[in-house]
Number of protein chains: 2
Amino acid sequence: MSDLINLSLDQAFRLSNDVLANNGFCAAHAQAIARTITRGQADECHSHGLYRLLVCVKSMREGQVDPQALPTVTERSAAIVAADAHRAYSLLAFQTALPLLVQKARQVGVAAMVINNCFHFSALWPEIEAVTEHGLAALALTPSHSWVAPAGGSKPVFGTNPIAFGWPRVGHNPFVFDFATSAIARGDIELHRRANRPLPEHCAVDDQGQPTTDALAAMSGAMLTFGGHKGSALAAMVELLAGALINDMTSMESMAFDNGVGATPLHGELILAFDPQLFANGNAEEGARRAEEMFAAIVDQGARLPSQRRYDARRRSEEQGVFIPRALYEDILKLLDK
Amino acid sequence: MSDLINLSLDQAFRLSNDVLANNGFCAAHAQAIARTITRGQADECHSHGLYRLLVCVKSMREGQVDPQALPTVTERSAAIVAADAHRAYSLLAFQTALPLLVQKARQVGVAAMVINNCFHFSALWPEIEAVTEHGLAALALTPSHSWVAPAGGSKPVFGTNPIAFGWPRVGHNPFVFDFATSAIARGDIELHRRANRPLPEHCAVDDQGQPTTDALAAMSGAMLTFGGHKGSALAAMVELLAGALINDMTSMESMAFDNGVGATPLHGELILAFDPQLFANGNAEEGARRAEEMFAAIVDQGARLPSQRRYDARRRSEEQGVFIPRALYEDILKLLDK
């Protein structure tokens with residue numbers, strides 16, 4: 001008996017959607033979430049794939065996620081669209097506010113989407129790709145729970161604080177990166193714990209501030225940022241732009257609000273969109289040529305563009321479906337029994 | 001005889017201004033540049049202090065810097081102000097366009113300054129501080145010359161591509177960071193070469209793609225990014241946002257344009273400004289409180305905020321003046337003889 005279960009993308013989507021609907025999510029939320037989770041699995045981002053159904057439902061059952069609240073979208077200014085998620089998950093708020101973000105970016109060149117009051121469990125690259133599909137560049141930031149110590153310290157202050165960026169390309173998948181400013185993603189620590197594997201070095205300290213490769217010890221101590229003081233500075237920037245600036249919770253506040261439940265973080269998100277036509281004063285094609293020359297110089301020397309592995313996985317998954325551990329599949333099926 | 005020369009900040013400014021004026025810079029450029037160089041020295045950013053006068057004058061004498069051209073500032077949209085530097089140094093263009101950037105950020109919440117056609121040799125933090133003085137948050141990016149290999153490669157594609165960010169604080173110096181996405185700054189490599197000191201490990205490869213700590217070998221090979229593939233992704237983002245997006249030269253193009261002269265890069269710069277009042281829907285004070293709680297959690301555990309060393313140096317320099325190596329001082333004095 002294989003330890004892996006094979007699901008088509010359609011099966012993965014329907015399984016996700018059924019689990020969510022069966023746990024009280026309204027159709028709009030269930031579909032938005034199922035779509036994103038299926039995309040994560042298709043791209044073999046395992047910590048953002050079907051595994052996230054466990055986190056998503058647990059947070060809804062034990063935490064304070066509203067599975068039905070619909071987002072309110074308002075125009076804050078010619079350049080800012082704001083979406084209040086009313087303590088539901090973030091994805092539907094993003095989806096609902098996206099058309100206005102695109103419109104504003106085209107009108108004034110740079111525009112921002114502010115999402116407030118959202119529970120957040122998803123990778124940022126699906127949103128980045130959604131913006132680049134409109135021919136815009138995009139930058140997205142969000143805090144999480146305070147699991148990560150600042151450079152020079154050993155007590156958690158920052159979240160894993162991802163930074164994601166995208167650049168639209170004609171005839172190619174967009175240039176997209178999406179990485180945690182922590183040395184390792186929180187979801188990866190959880191996967192290491194489940195698999196009983198040691199963490200890489202330099203990712204975490206235990207609750208005494210000593211370096212550790214034990215996933216459980218790391219979870220009760222602090223994670224570290226990537227890239228020393230530079231990664232730490234970027235993590236702080238994420239707290240400031242996607243927390244303080246938009247007057248929503250920092251990772252410390254989100255952690256305090258969670259109060260030990262271990263649910264998904266509640267906070268905000270900031271997404272910036274940039275219109276190449278306006279920024280290049282009508283010469284976006286010339287700008288695109290400069291970008292393509294740089295991409296060619298990278299791949300021609302045998303180096304990879306950031307999302308290449310994901311795009312390769314996506315092509316495979318579209319042909320063969322996805323493969324998930326049987327134990328995970330069984331854990332997910334249990335969510336169909338309320 | 002001391003190997004260090006002590007200059008008051010006023011003396012350092014006047015020396016810089018005299019050197020620049022004596023080398024053909026008009027008063028507006030000489031003052032803008034001298035002010036920034038003096039601030040770099042005062043903050044003990046040695047590679048952006050008085051040493052830069054050598055680079056600045058060399059680039060003007062041997063390269064194609066226009067020491068007199070005044071910038072043209074235009075409003076591109078409600079959110080974008082564009083400054084064409086006409087192949088002069090960038091600082092005067094920034095200074096001239098700043099009032100419009102501030103006005104636009106206050107009106108629509110997020111605004112961008114695009115500087116095109118500028119030679120660029122300066123740190124970004126003086127510009128970041130200038131934006132935060134108006135109560136705005138700021139993000140600045142610029143490419144340089146292609147000295148840095150992408151992750152997984154060994155041939156230069158990226159510049160040292162700094163990212164700088166600032167957050168305004170009431171009653172405190174602003175939270176500011178400014179770092180190269182390369183593992184070491186180009187100016188620091190030059191300082192290592194001048195001092196005949198080995199580079200830190202993992203900063204560079206030689207022209208055969210092999211790791212090196214020799215500054216000269218690094219200069220003919222390639223520098224590496226900080227933080228592996230994440231730093232490399234950020235370096236690419238800087239090329240895309242502050243190159244392709246604003247239709248100005250990437251670091252590769254700037255290097256090709258330089259054609260072996262070794263002058264300062266010619267390209268563009270992107271500065272974003274964010275108004276906390278608009279983003280926080282009028283609750284900027286509440287957002288500021290969240291930020292201050294995070295800063296307290298960092299410093300209370302004995303960790304440092306990013307610019308603390310610079311601010312400490314600034315206070316010292318205001319009292320005692322600055323100290324530079326006698327050899328550097330003598331090199332600078334030679335620039336007074338045309």
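The values are calculated or read from the model by the stated rules, or taken from the named source; none is laboratory data. Since this is a predicted model, take the numbers as computed values, not measurements. Don't worry about glycine lacking a Cβ; one is built from the backbone with ideal geometry, like all the others, and counts go over all protein chains shown. Note: accessible area is taken over every heavy atom of the protein model, side chains too, but ligands, DNA and RNA are not part of it. Shrake-Rupley method; radii C 1.70, N 1.55, O 1.52, S 1.80 Å.
The mean sequence distance of close C-alpha pairs (under 8 Å, at least 6 residues apart), as a share of the length of chain B, puts its relative contact order at 23 percent. Rounded if a/c is under 1.5, else prolate if a/b beats b/c, else oblate: with a ≥ b ≥ c from the C-alpha gyration tensor eigenvalues square-rooted, which is region B:217-338? Oblate.
Across peptide A:146-159, the average count of Cβ atoms from other chains found within 10 Å of a residue's Cβ is 4. Ligands, DNA and RNA left out, the accessible area of the protein assembly as shown computed with a 1.4 Å probe is 49% carbon and sulfur.
Once backbone amide H atoms are built at 1.01 Å from N, residue A:221 has A:207 as its partners under 5 Å, excluding neighbours fewer than 5 places away on the same chain.
Which order do the peptides A:87-100, B:112-125 take when ranked by the mean count of other beta-carbon atoms within 10 Å per residue, highest first? Write down the numbers at each step before the final one.
Numbers: A:87-100: 22.6, B:112-125: 26.0.
By packing density, highest mean first, the sequence is B:112-125, A:87-100.
Each Lys and Arg adds +1 at its Cβ and each Asp and Glu adds -1 at its Cβ; summed about the Cα centre, region B:252-338 shows a dipole of about 360 debye.
Only protein heavy atoms count here, probed at 1.4 Å, and on that basis chains A and B bury about 5700 Å² of accessible area in total. For region B:289-313, a reduction of at least 50 Å² in accessible area between the chain on its own and the assembled protein chains (probe 1.4 Å) is found at B:290, B:294, B:301.
Look at the stretch B:77-85: the mean tally of other chain Cβ atoms within 10 Å of its residues' Cβ atoms is 5. Toward the positive end of the charge dipole of chain A, about the Cα centre and with charges on Cβ (Lys, Arg +1; Asp, Glu -1), which of A:48, A:112, A:268 goes farthest? Sorting the options by dipole projection puts first A:48.
Could you list log10 I(q)/I(0) for chain B at q = 0.11, 0.12 Å⁻¹, which the Debye formula gives when each Cα is one point scatterer? So the normalised log intensities work out to -0.73, -0.88.
A probe of 1.4 angstrom, applied to the heavy atoms of all protein chains, finds residue A:102 with accessible area near 10 square angstrom. Label-point spacing at residue B:320 relative to the other copies reads 6.5 nm, in ascending order, each point sitting 7 Å out from Cα along Cα→Cβ.
Secondary structure note: in the protein assembly as shown, about 85% of the DSSP beta bridges are antiparallel.
Applying Stokes-Einstein at 10 °C and 1.306 mPa s to the Kirkwood radius of region B:112-265, computed over alpha-carbon pairs, gives a translational diffusion coefficient of 99 µm² s⁻¹. Across the protein chains, with a 1.4 Å probe defining accessible surface, the residues A:155, A:104 rank A:155, A:104 from largest area downward.
How crowded by other chains is A:269-276, given as the mean number of beta carbons from other chains within 10 Å of each beta carbon? Could the numbers behind the result be given before it?
Working: counts 0, 3, 0, 6, 0, 8, 4, 5.
Average per residue, whole number: 3.
Protection proxy ranking, highest mean first, for peptides A:53-61, A:225-233: A:225-233, A:53-61, where packing is the per-residue count of other beta-carbon atoms within 10 Å, averaged.
As a ratio to 2.2 N^0.38 Å, the alpha-carbon radius of gyration for the protein assembly as shown is 0.96. Considering only beta bridges that DSSP places wholly inside region A:67-168, some 60 percent are antiparallel. Only helices enter the 222 nm calculation for chain B: every DSSP H run of n ≥ 4 contributes -39,500 (n - 2.57), and dividing by all residues gives -13500 deg cm²/dmol, rounded to 500.
For the pair residue A:320 and residue A:170, a Förster radius of 25 Å applied to the C-beta separation gives a FRET efficiency near 0.30, rounded to the nearest 0.05.
Across the identical copies, the 7 Å label point of residue B:201, projected outward along Cα→Cβ, sits 0.8 nm from its counterparts, in ascending order.
Please report the relative contact order for region A:138-268, taking Cα pairs under 8 Å with a sequence separation of at least 6, and give it as a percent rounded to a whole number.
Rounded, it is 29 percent for region A:138-268.
With the label put 7 angstrom out from Cα along the Cα-to-Cβ vector, residue B:300 ends up 5.5 nm from the copy partners, going from closest to farthest.
Evaluate the charge dipole of region A:109-227 about its Cα centre and quote only its size in Debye, nearest 20, assuming +1 on the Cβ of each Lys and Arg and -1 on the Cβ of each Asp and Glu. Kindly include the intermediate steps, with their values, before the conclusion.
Values: 6 positive and 10 negative charges, 7 e Å.
Dipole about the Cα centre, nearest 20: 40 debye.
Excluding ligands, DNA and RNA, the accessible surface per residue across region B:191-288 is 38 Å² with a 1.4 Å probe. FRET efficiency for the residue B:103 to residue A:327 pair, using the beta carbon distance and R₀ = 35 Å, is estimated at 0.05.
A simple spin-label model places the labels of residue B:196 and residue B:259 3.6 nm from each other, with each point 7 Å out along Cα-to-Cβ. Structure remark: mean-square fluctuation, Gaussian network model of chain B, C-alpha springs under 10 Å; the largest value among B:223, B:252, B:294 belongs to B:294.
Comparing the full protein assembly with the isolated chain (1.4 Å probe, heavy atoms, ligands and nucleic acids excluded), the residues of region A:86-116 losing at least 20 square angstrom of accessible area are A:108, A:110.
With r as the distance between the Cβ atoms of residue A:308 and residue B:8 and R0 = 56 Å, compute the FRET efficiency 1/(1 + (r/R0)^6) and round to 0.05.
Efficiency at R0 = 56 Å is approximately 0.55.
Residue pairs exceeding 20 angstrom between C-alpha atoms, taken from A:230/B:58; A:58/A:334; A:104/B:230: A:230/B:58; A:104/B:230. So what's the gap between the Cα centers of region B:116-175 and region B:30-86, to the nearest angstrom? Result: 14 Å between the Cα centres. For the charge dipole of chain A, defined by +1 on Lys and Arg C-beta atoms and -1 on Asp and Glu C-beta atoms about the Cα centroid, which residue among A:170, A:9, A:33 has the Cα displaced farthest towards the positive pole? After comparing all options, I get A:9. Once you order the gyration tensor axes a ≥ b ≥ c over the Cα atoms, which shape class does region B:199-280 get: rounded for a/c under 1.5, otherwise prolate or oblate by comparing a/b with b/c? Taking the square roots of the gyration eigenvalues as a ≥ b ≥ c, region B:199-280 is oblate.
Axis between A and B by rotation; chain A residue with nearest Cβ and distance in whole Å recorded as A:227, 1.
Inverting the pair-averaged 1/r between distinct Cα atoms of region A:267-338 gives 17.0 Å as its Kirkwood hydrodynamic radius. In the context of the full set of protein chains, region A:75-134 has a per residue accessible area of 26 Å² (1.4 Å probe). Panel note: the C-alpha atoms of region B:1-133, placed on their principal axes, show extents of 58, 30, 20 Å (largest first).
Report for region A:22-120 the percent antiparallel among DSSP-assigned beta bridges with both residues inside it, nearest 5. Spell out each step's value before the answer.
Values: 4 of 10 bridges.
Around 40 percent antiparallel, to the nearest 5.
Amide H contacts for residue A:182 (H built 1.01 Å from N in the peptide plane; partners 5 or more residues away or on another chain; cut-off under 5 Å): A:226. Taken along the Cα-to-beta-carbon direction at a fixed 7 Å, the label points for residue A:213 and residue A:334 span 3.0 nm. Remark: spin-label model distance residue B:286-residue A:28 equals 2.3 nm, labels positioned 7 Å along the Cα→Cβ axis. Computed over chain A with a Gaussian network model linking Cα atoms closer than 10 Å, the most mobile of A:33, A:298, A:189 is A:298.
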